[in-house]
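Right, one structure below, let's go through it.
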Amino acid sequence: MEPVVGIPRALLYYHYNWLWENFFNFLGVEVIVSPPTNKQILNNGVSFSVDEACLPVKVFMGHCFEIKDKVDYIFLPRMISGKKREYFCPKLMGIPDMVKNNLSNLPSLIIPTIDLSKSKRNLYPALFEIGKMLGKKEKKIIDSYNKALKIWEKERKQKVLETSIQPKGKGFSQDKPKIAVISHSYTLYDNYMNMDLIKRLQTMGVETILPEMLPSWAIEKGLSTFNKRMYWSLGRRIMGSAKYYFNHPECIDGIILLVAFGCGPDSLIGELIEREAKRIKKLPLLLLTLDEHSGEAGLITRIEAFIDLIQRRKKVG
Ligand code: SF4
C-alpha cells in the first residue's frame, strides 16, 4: 500500500500548492491536504504555539495538528531560499522545529531543506531526500518533479494572463472603486483568517486587484525605485506592488495592506509603505492588522469608511 503524505493548508502551501501536490501524486503517493482553516483549527494552532508566533504560523500549527493522525508522513520543508540572493523569513526556516517541539505523537516528518540562495541545483538533494524516504528511484523523482513544475508554472502564468491589471477603465467598471489588496498569499487566501475580506469587498461593490494580477516585471519595476535591495522573498512582492501602484496611481483607487500581528517583516514593510503613502499623497491606504482576536465588526467598519472615502474622492475627480 502506498504511503499517505499530509500537507498542511497554510503558509507556503498557498504559493506552491500545485507543485507539491502534483509532485507527490506523480510519485504515486496519496496526498491529504488539511481542510480550510476553521475555528477549531485556529484555536488548536493558538494553543500549540508560543505567544510570540505570528498568526499564520499559529494557523499552520493548527493544520499540522488537524492531519497528524490521518497520514503516514507530514511534509514540512525547511524553506530557506527559493531564489538567488533572496530568503524566506526566519519563522518559515524554523517551522519544522516548532512543529516537532510543540506537537506530540507526530507521524514521520519529511523535512527537506530548500535553499536555492546559491544555486537552483541545490534543489536536487532535497528532492532525492523526499523521494528516497518514500522508496522512489531517482529517475522517477526527477520526472515527477519536472512534470509538476511544468503544470505549476503554466497555472501561475495563466492566472496572470487572465487577470492582468490594466489602467483604470480598461476591462474594469468605471463606477466601481478599484482597490489593490496586498498581503502574503497565506493571509490573503485563507478566508477564515482574513474574515472573508475579498468577498466582503466584492459584495460592497469593489473591484479587487490581487497580487497575482501584477506581473513580475511590474513588481521588479516597483522595487527598483526602492533605495535598498530587499532580500525577503515575500516582502519583495508586497513592497514591489505597493511601490508600483504609488508610481502608477492611475491603475487603482486605493490600497488595502493586510498584515499579520506578530510578523517582523510586515511591521517594517507596513511602516515603509505607510510613509510612502503619506509622501506620495495620491492613493489612500488602509492598513489592516489581523490577529486571532480580530473581530468582524471592527473590520467591516474600517473597510466601509475606507470605501466611503474612495467614493468621495472619485466624485470630486
Ligand atoms: S513573513 Fe511574517 S507572517 Fe510570514 S511567517 Fe514570517 S513572520 Fe509570519
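The values are calculated or read from the model by the stated rules, or taken from the named source; none is laboratory data. This is a predicted model, so every value here is computed, not measured. All Cβ positions, even for glycine, are placed from backbone atoms using ideal geometry, and neighbour counts span all protein chains on display. Keep in mind that these areas ignore ligands, DNA and RNA; they rest on the heavy atoms of the full protein, side chains included. Shrake-Rupley method; radii C 1.70, N 1.55, O 1.52, S 1.80 Å.
Odds and ends about this structure:
- For Val33: the one exception among (1) surrounded by 20 or more Cβ atoms within 10 Å (Cβ to Cβ); (2) away from the ligand (no atom under 13 Å from the Cβ): (1)
- Scanning the range 82-106 for residues that are in contact with a helix residue (DSSP H, G or I) (Cβ under 9 Å, 6 or more places away or on another chain) and either more than 20 Å from His15 (Cα to Cα) or crowded, with 19+ Cβ neighbours inside 10 Å (or both) yields Gly82, Tyr87, Phe88, Cys89, Lys91, Leu92, Ile95, Met98, Val99, Asn102, Leu103, Leu106.
- Residue check, Leu42 more than 17 Å from Tyr186 (Cα to Cα), in contact (Cβ under 8 Å) with a residue 40 or more places away in the chain and surrounded by 20 or more Cβ atoms within 10 Å (Cβ to Cβ): no
- Here the range 107-144 is the region considered, the condition is being under 22 Å from the mean Cα position of the chain (by Cα) and either among the hydroxyl-bearing types (Ser, Thr, Tyr) or open to solvent by 30 Å² or more (accessible area, probe 1.4 Å) (or both), and the residue that is farthest from Asn17 (Cα to Cα) is Ser117.
- In the set (1) open to solvent by 20 Å² or more (accessible area, probe 1.4 Å); (2) of a type in the set (A, V, I, L, M); (3) under 26 Å from Val259 (Cβ atoms), the condition left unmet by Ala53 is number (1).
- So Leu299, is it buried (at least 20 other Cβ atoms within 10 Å of the Cβ), within 30 Å of Asn44 (Cα to Cα) and not assigned by TED's automatic domain parsing to the domain that holds Met79: no
- Reported count of residues in the range 246-269, each being under 18 Å from Leu188 (Cα atoms), in a helix (DSSP H, G or I) and in contact with a helix residue (DSSP H, G or I) (Cβ under 9 Å, 6 or more places away or on another chain), is 4.
- Test result for Lys68, under 30 Å from Ile142 (Cα atoms), charged (D, E, K, R) and not assigned by TED's automatic domain parsing to the domain that holds Thr187: yes
- Verdict on Glu52 being of a type in the set (Asp, Glu) and away from the ligand (no atom under 14 Å from the Cβ): no
- Positions within the range 56-74 being open to solvent by 10 Å² or more (accessible area, probe 1.4 Å), more than 13 Å from the ligand (Cβ to nearest atom) and of a type in the set (A, V, I, L, M, F, W, C), in sequence order: Phe65, Val71
- The range 234-254: number of residues that are in contact (Cβ under 8 Å) with a residue 40 or more places away in the chain and surrounded by fewer than 19 Cβ atoms within 10 Å (Cβ to Cβ): 2
- Filter result (within 16 Å of the ligand (Cβ to nearest atom) and of a type in the set (Ser, Thr, Tyr)) within the range 244-278: Ser267
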